[in-house]
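The values are calculated or read from the model by the stated rules, or taken from the named source; none is laboratory data. From a predicted model like this one, the values you see are computed outputs, not experimental measurements. Because the Cβ atoms are built from the backbone with ideal geometry, glycine has one as well, and the counts that use them run over all protein chains shown. Surface areas here come from the heavy atoms of the whole protein model, side chains and all, with no ligands, DNA or RNA. Shrake-Rupley method; radii C 1.70, N 1.55, O 1.52, S 1.80 Å.
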Amino acid sequence: MFRGSIVAIVTPFKDGKIDEKKLKSLVEFQIKNKTSGIVPCGTTGESATLSWAEHERVIEIVIEATAKRVPVIAGTGSNSTEEALMLTKQAAKSGADATLHVSPYYNRPTQKGLYLHFKAVAECADIPVILYNIASRTGVNIEPETIAKLARDCKNIVAVKEASGSLDQMSRIKALCPPDFTLISGDDSLTLPVMAIGGTGIISVVANIVPKDVANMVEAFEKGNLKKAQEIHYKLLPLIKAMFIETNPIPVKTAMGLMKMCEPDLRLPMCSMSEDNLERVKKALKDYNLI
């Protein structure tokens, strides 16, 4: 279920509210362009500034719009275990296919605390759980040994989205975890290297704007066409770099605004790009023939 190009979809806003019609159209755009799964309410979806009601509504809209054509992996992580349990139970009730859980941020738990947090999440609902390891935003790394223990002890903890940037760490995860435990890249620029060490694909930011190319790269690798996969990787690389010149999702939402895909509205403390970086994004989009 968890392979290919899976998009971490943005949450479109208009006049300060969720643009439900636009969100549905973005889901349709993704499915038509070979996306293998959709993650609503991830970091890219500005989950941190959605109210609980908005969070639940975004997940419901995406589930309704996909109509079981691709899996929906609902972002239900929190630095409060009780809140993560609440959001997970609601996502399961709404019909999500899995949940994605970022490691608790700011409070920086120990490895024992991380284990107990994710174990509680796994036990609260009968739904697959994907861990999300991104120490650059949370302040704490889920160590490979902790991931392996969770994979062994909790039957529904089935995968990790790895955004540590360390292929060494990801290799250790593959070596320590059960053979059926899934490694998914959390960095667009590392999708191809991660697949080379046993990963199954990417939960992608750049797929918001070029879903077909990301899907084609993953597919080419899976079919053994390394040359084609490499060609797409190097074609994507400048665009990927432009999508991270400021904090995600500022650049990708700006790009989507320039491409007339949705309004580029962000919620504070996310704000509009600096003029210099805006010009860099425009150049990257022009070079890719997107505007």
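Under the 0.36 nm per residue contour assumption, what length would be gained going from the current alpha-carbon distance of Leu290 and Asn277 to full extension?
Separation in residues times 0.36 nm, less the Cα-Cα distance, equals 3.0 nm.
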How long is the stretch 16-101 along each principal axis, judged by its Cα atoms, biggest number first, in Å?
37, 29, 19
For the stretch 86-127, list log₁₀ I(q)/I(0) at each q in 0.33 Å⁻¹, using the Debye formula over Cα point scatterers of equal strength and ignoring solvent, two decimals each.
-1.16
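Return the carbon/sulfur percentage of the accessible area of the stretch 219-261, one whole number, probe 1.4 Å, all protein chains in place. Spell out each step's value before the answer.
Details: 1200 of 2200 Å².
That fraction is 55 percent.
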Count neighbours as other Cβ atoms within 10 Å of each site's Cβ, and list the trypsin sites (Lys or Arg not before Pro) in the stretch 104-205 that are DSSP loop with at most 14 such neighbours.
Lys155
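Expressed as a fraction of 2.2 N^0.38 Å, the rule-of-thumb size for a compact globular protein of N residues, what is the C-alpha radius of gyration of the stretch 1-157? Please list the in-between numbers first.
On the way: Rg = 15.1 Å, N = 157, 2.2 N^0.38 = 15.0 Å.
In units of the 2.2 N^0.38 Å rule of thumb, it is 1.01.
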The set of residues whose placed amide H lies less than 5 Å from the amide H of Ser204, leaving out same-chain residues fewer than 5 positions away, is Ile6, Val7, Ala8
For the stretch 195-291, taking Cα atoms only, what is the radius of gyration to one decimal and the Dmax to the nearest whole Å?
14.4, 44
Relative to 2.2 N^0.38 Å, what does the C-alpha radius of gyration of the chain come to as a ratio? Two decimals please.
0.93
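Per the 1.4 Å probe, what fraction of the accessible area of the stretch 1-141, in percent, lies on carbon and sulfur atoms?
On the way: 3050 of 5840 Å².
Answer for the stretch 1-141 is 52 percent, counting heavy atoms of protein chains only.
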I'd like the accessible area for Asp168: 1.4 Å probe, protein heavy atoms, all chains in place, Å² to the nearest 10.
100
Could you state the number of Å between the C-alpha centres of the stretch 199-260 and the stretch 1-76?
17
For a quick check: with amide H placed at 1.01 Å from N, whose amide H comes under 5 Å from Ala74's, ignoring anything fewer than 5 positions away on the same chain?
Asp97, Ala98, Thr99, Leu100
Rg and Dmax of the stretch 161-207 over Cα atoms: what are they, in angstrom?
9.7, 30
For the stretch 112-197, treating each Cα as an identical point scatterer without solvent, what Debye log10 I(q)/I(0) comes out at q = 0.11, 0.15, 0.23 1/Å?
-0.27, -0.50, -1.15
The stretch 105-160 - convex hull of alpha carbons, volume per residue in Å³:
72
Beyond a 32 Å Cα-Cα separation, which of these cross-linked pairs lie in this structure: Lys89/Lys161; Lys89/Lys282; Lys68/Lys223; Lys174/Lys223?
Lys89/Lys282
Per-q log10 I(q)/I(0), the stretch 1-64, q = 0.15, 0.22, 0.24 Å⁻¹ (Debye; single scatterer per alpha-carbon; no solvent):
-0.42, -0.88, -1.03
